[in-house]
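Student: Next up is a structure, given as structure tokens.
The values are calculated or read from the model by the stated rules, or taken from the named source; none is laboratory data. Nothing here was measured: the structure is a model prediction, and the numbers come from that model. Cβ placement follows ideal geometry from the backbone for every residue including glycine, while neighbour counts extend to all protein chains displayed.
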């Protein structure tokens with residue numbers, strides 16, 4: 001049975017595990033059964049990582065909208081022109 005990534009595994013750990021799996025599969029030295037299990041695990045990791053990235057992107061959009069809303073309501077005297085992004 002494949003191992004599921006629990007809440008204790010952070011993005012970086014999952015990404016490192018995925019990279020390791022890719023390297024093993026690309027080496028061509030993995031037998032068929034092991035390769036299939038690693039391939040399945042890699043897909044699980046990739047799916048979870050993609051979900052985490054989408055969640056972060058959504059949070060970034062919310063923050064950007066919140067920031068845009070606060071800067072639009074400021075008067076010109078309240079804006080700090082020293083921050084240029």
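Each row is one residue, and each column tells you yes or no for (1) over 15 Å from the mean Cα position of the chain (by Cα); (2) in contact (Cβ under 8 Å) with a residue 24 or more places away in the chain; (3) within 25 Å of residue 9 (Cα to Cα).
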site	(1), (2), (3)
26	yes, no, yes
29	yes, no, no
34	yes, no, yes
41	yes, yes, yes
44	no, yes, yes
50	no, no, yes
56	no, no, yes
60	no, no, yes
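Student: Taking the condition on the phi < 0 side of the Ramachandran plot and at pLDDT below 95, does residue 4 pass?
Tutor: Taking the combined requirement at face value, the residue satisfies it.
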